[in-house]
Amino acid sequence: MKNSPDSQSRADDDLRTKVSGLLLVAMLLAWMEMVAIGAENDRRIPIIDVTDLYHPRQDVGDNFDLIAAYGLAELDLRAVIFDCSAPFRQPEAVDPGPGLATDKGGPREPGFIPVLQLNYIFNRNIPCATAPFAMMKSPTDEMRDAPGFQQQGLELLLQVLRDSKERVHVLSFGSSEGASLLIHSAR
């Protein structure tokens, strides 16, 4: 008996939910390990937050990830880099990428406004910038052809890493493409 398109769609949604849950657990465990290391050393852990935070919001969880980075005393947030993609900047994000549903709530822009609001609330001055909006053409694509504005995420990452006297942890709460590009290009 062949599966109907609806049952296949439900199965795909169930699989995405399970994978998302496993990724969330893995990130939580990694975060707990970082907090434990910071507590043992009695120091704050320097981090860069790579996020797919949009404004207006697409996924409220992105806001909470960033609030945690600002609010947890164990963390020393050094920069926020937006991993936002071109499809979500359109009025309707059609086929935004593997595992992502069509989004009719656009257009959305990188979350500069929420970062400015959090800087005000927490009396901080955390810099933020965006990575390229386009998808990589290949696993080795450094995307040097992206507009200058979209290169600022890479520049900020490199600046923070160069200026730090200690190891900085890069936490990625968005797709892994932006983080991969940033790390690949930073080599």
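The values are calculated or read from the model by the stated rules, or taken from the named source; none is laboratory data. From a predicted model like this one, the values you see are computed outputs, not experimental measurements. Glycine also receives a Cβ, built like all others from the backbone with ideal geometry; neighbour counts cover every protein chain displayed.
Here are the numbers:
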{"item": "Residue within region 145-160 that is part of a loop (DSSP other than H, G, I, E, B) and either modelled with pLDDT of 80 or more or surrounded by 14 or more Cβ atoms within 10 Å (Cβ to Cβ) (or both) present", "result": "yes"}
{"item": "Subset of region 106-133 [buried (at least 16 other Cβ atoms within 10 Å of the Cβ) and among the aliphatic types (A, V, I, L, M)]", "result": "Val115, Leu118, Ile126, Ala129, Ala131"}
